[in-house]
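Enquirer: Below: one structure in structure tokens.
The values are calculated or read from the model by the stated rules, or taken from the named source; none is laboratory data. Nothing here was measured: the structure is a model prediction, and the numbers come from that model. Counting neighbours? That spans all protein chains shown, and the Cβs are built from the backbone with ideal geometry, glycine included.
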Amino acid sequence: MRTRLWRDGAVVKENFPLADVSDYLNEPGCLVWADLSDPDARTLAQLGEELSLDKLAIEDAVAHYERPKASRYATHTFLTAYALVLDEKSHELRHEQVSAFVMGQAFVTVHRGGWFDVEEVVRRWDDNADLMRCGVRALAWGLLDVLVDGHFDVVQALDDEIEDLEDILFDQSARSQQVQRRTFTLRKSLVRARRAVLPMREVVNTLMRRDIELDPHLRPYYEDLYDHVLRAAEWTESLRDMVTSVFETNLSLQDARLNTIMKKLTAYTALIAIPTAVTGFYGQNVPYPGFGHHNGYIESLSIIVALCALLVVVFKRQGWL
């Protein structure tokens, strides 16, 4: 848990008890922030009673896999979004739910998962300290700006991963199974990213509604944030088309390689069929090493087995078997 108090835009107190939050709500010029990491339902219920938070919003804050949204209640606005990060080794997407209660003079954040860096949000607020005079929506902007920047980083990483896949597609030494596995992992990560990125337009738009009083100094920041959200959403949609194109191209290349293999196998079959037809027509009646002896049968059988084994090894190395 972490707390902070601003008075007239300046930080005056930090890390005070959570029970003291309500003491500053009625003081003019005060702005309070409280952050809870992995809270239990009891802690949130006590905080809800102290700050008059809606029970439905508290349930959404502790629920798993809640859709990103912004809901307006009588005493506050509740918003939910997701922090995203792409694992560099497994290429799998990790996400952490981040919720916030936006009140008149208080801003309460709740995140679950343990890896979300709330210090980055604090640095964003400190870098724009002049905005703290604009009220609680400046805190909401800082949180959403950090989340959207994280979305951009993830989308950029997914784009780079798709470019790597495009290079591997035309590599003759690459195995199709490896490409298919990476493509499937990438598609799954992209689906999760779309679920977190696309609804952010509604979240930001709800906080920017014309019927809500928004400080004129804050409006350009929210408009810039909304522009970033739109760009991230459009980029995500284009990546979906690119992944589909990679998947279809991989299937087409597999068909082309199969046709090439069939041509080679047909050529080998033609080469083998000609001597087989000739010797089968005339019969093997010319003396050869081992002719008329039991060892001749063993030698010929050994030659057949050895040549077949050699062809099997060659075909497996070429990926034909």
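Enquirer: Return a yes/no flag: does the stretch 96-107 have any residue that is among the hydroxyl-bearing types (Ser, Thr, Tyr) and more than 21 Å from Ala232 (Cα to Cα).
Expert: Initially, the stretch 96-107 is screened for residues among the hydroxyl-bearing types (Ser, Thr, Tyr), giving 99.
Keeping just the survivors that are more than 21 Å from Ala232 (Cα to Cα) gives none.
No: zero hits.
Enquirer: I'd like to know if the stretch 108-118 contains one or more residues that are under 30 Å from Arg182 (Cα atoms), among the aromatic types (Phe, Trp, Tyr) and at pLDDT 85 or above.
Expert: Yes, that holds for at least one residue.
To keep it simple, each residue is scored yes or no on (1) among the polar types (S, T, N, Q); (2) at pLDDT below 90; (3) surrounded by 13 or more Cβ atoms within 10 Å (Cβ to Cβ); (4) in contact with a strand residue (DSSP E or B) (Cβ under 7 Å, 6 or more places away or on another chain).
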site	(1), (2), (3), (4)
Ile168	no, yes, yes, no
Arg187	no, yes, yes, no
Leu198	no, no, yes, no
Glu213	no, yes, no, no
Pro216	no, yes, no, no
Asp227	no, no, no, no
Ala232	no, no, yes, no
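Enquirer: Give the stretch 40-73 a look and list any residue that's of a type in the set (Asp, Glu) and over 30 Å from Val191 (Cα atoms), or say none.
Expert: Those that are of a type in the set (Asp, Glu) and over 30 Å from Val191 (Cα atoms): Glu49, Glu50, Asp54.
Table: residues versus (1) under 30 Å from Val179 (Cα atoms); (2) touching a residue at least 12 places away in the same chain (Cβ under 8 Å); (3) outside the structural domain of Gly135 (by TED's automatic domain parsing); (4) of a type outside the set (A, V, I, L, M, F, W, C).
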{"residue": "Ser37", "(1), (2), (3), (4)": "no, yes, no, yes"}
{"residue": "Ser52", "(1), (2), (3), (4)": "no, yes, no, yes"}
{"residue": "Ala57", "(1), (2), (3), (4)": "no, yes, no, no"}
{"residue": "Thr75", "(1), (2), (3), (4)": "no, yes, no, yes"}
{"residue": "Phe78", "(1), (2), (3), (4)": "no, yes, no, no"}
{"residue": "Ala83", "(1), (2), (3), (4)": "yes, yes, no, no"}
{"residue": "Asp87", "(1), (2), (3), (4)": "yes, no, no, yes"}
{"residue": "Ala106", "(1), (2), (3), (4)": "no, yes, no, no"}
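Enquirer: When the residues of the stretch 60-103 are filtered to those that are basic (Lys, Arg) and within 14 Å of the chain's Cα centre (by Cα), which remaining residue is surrounded by the most Cβ atoms within 10 Å (Cβ to Cβ)? Quick ask: steps written out before the conclusion?
Expert: To start, the set of residues in the stretch 60-103 that are basic (Lys, Arg) comprises 67, 69, 72, 89, 94.
Then drop every residue that is not within 14 Å of the chain's Cα centre (by Cα), which leaves 89, 94.
Values: Lys89: 5, Arg94: 16.
Of everything passing the filter in the stretch 60-103, Arg94 is surrounded by the most Cβ atoms within 10 Å (Cβ to Cβ).
Enquirer: List, please: which pairs have Cβ atoms under 6 Å, are six or more places apart or on different chains, and start with a residue in the stretch 251-276 that is closer than 15 Å to Leu311 by Cβ and end with one that is modelled with pLDDT under 70?
Expert: Ile261/Trp320
Enquirer: Anything in the stretch 24-57 that is under 22 Å from Ala10 (Cα atoms) and exposed (fewer than 14 other Cβ atoms within 10 Å of the Cβ)? List them, or say none.
Expert: If the condition is that a residue be under 22 Å from Ala10 (Cα atoms) and exposed (fewer than 14 other Cβ atoms within 10 Å of the Cβ), then Asn26, Glu27, Pro28, Gly29 are the ones that fit.
Enquirer: Output the number of residues of the stretch 12-26 satisfying the condition of being of a type in the set (Val, Ile, Thr) and touching a residue at least 60 places away in the same chain (Cβ under 8 Å).
Expert: Here the count works out to 1.
Enquirer: Determine which member of the set Val108, Val121 is assigned to a helix (DSSP H, G or I), within 28 Å of the chain's Cα centre (by Cα) and surrounded by 15 or more Cβ atoms within 10 Å (Cβ to Cβ). Can you show your working first?
Expert: Numbers: Val108 fails: assigned to a helix (DSSP H, G or I).
Result: Val121 is the single residue among Val108, Val121 that is assigned to a helix (DSSP H, G or I), within 28 Å of the chain's Cα centre (by Cα) and surrounded by 15 or more Cβ atoms within 10 Å (Cβ to Cβ).
Enquirer: On to the next question. May I ask you to list the residues in the stretch 131-149 that are surrounded by fewer than 18 Cβ atoms within 10 Å (Cβ to Cβ) and at pLDDT 90 or above?
Expert: To start, the set of residues in the stretch 131-149 that are surrounded by fewer than 18 Cβ atoms within 10 Å (Cβ to Cβ) comprises 133, 149.
Once the filter is applied, which keeps residues that are surrounded by fewer than 18 Cβ atoms within 10 Å (Cβ to Cβ) and at pLDDT 90 or above, the stretch 131-149 yields only Asp149.
Enquirer: Could you say whether any residue in the stretch 185-201 is in contact with a helix residue (DSSP H, G or I) (Cβ under 6 Å, 6 or more places away or on another chain), farther than 26 Å from Val154 by Cα and not basic (Lys, Arg)?
Expert: no
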